[in-house]
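Read-outs: derived from the displayed coordinates by stated rules, not from any lab. Keep in mind it's a predicted model, so treat the numbers as computed, not measured. Neighbour counts are summed over all protein chains in view; Cβ atoms, including those assigned to glycine, are modelled from backbone coordinates with ideal geometry.
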Amino acid sequence: MSPDNSTVYTLSGAGIVSELTRDRASGQISWSRCVAAGAAECPVVYGTQFGLPHGLAVAPDGRSLYVGGSGAIAHLTRGP
C-alpha cells in the first residue's frame, strides 16, 4: 500500500503488477491499471526484468515502486 493509503499494488504469477485505488471516504477498492514485463493485457514496461515477480515495495516517499523477481529488481516511478 502507498504511504498515503490511497493505492494498493498486487502481483500475479503471470508477471503483472496491478494498481488498485482506494476511496478514502468509503474504503472501496477499485482496479485502476496494470503494467507487465510482457503480458498482452497490460502495457509492457520495456527494460524491466521482473519476469515472474516475487515481491514489491513502495518507497517511503511514495514516488517509486520496486518489483523484485527472476534475479532482478525493477524500479517503476509512480505517477498520478
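Once both labels are modelled 7 Å past Cα along the beta-carbon direction, what's the T21-I73 spacing in nm?
For T21 paired with I73, the spin-label model returns 2.9 nm.
Which entry in (i) 13.4; (ii) 12.2; (iii) 12.8 matches Kirkwood radius over Cα pairs in Å derived from the coordinates of this structure?
Answer by label: (iii).
Residues with amide H under 5 Å of C42's amide H, sequence separation 5 or more or different chain, H placed in the peptide plane at 1.01 Å from N; which?
none
Pop out the ³J(HN,Hα) list for segment 8-20 in order, Karplus 6.51 cos²θ - 1.76 cosθ + 1.60 with θ = phi - 60°, rounded to Hz; leave Gly and Pro as x.
Per-residue couplings from phi come out as 10, 10, 10, 10, 10, x, 8, x, 10, 10, 9, 10, 10 Hz.
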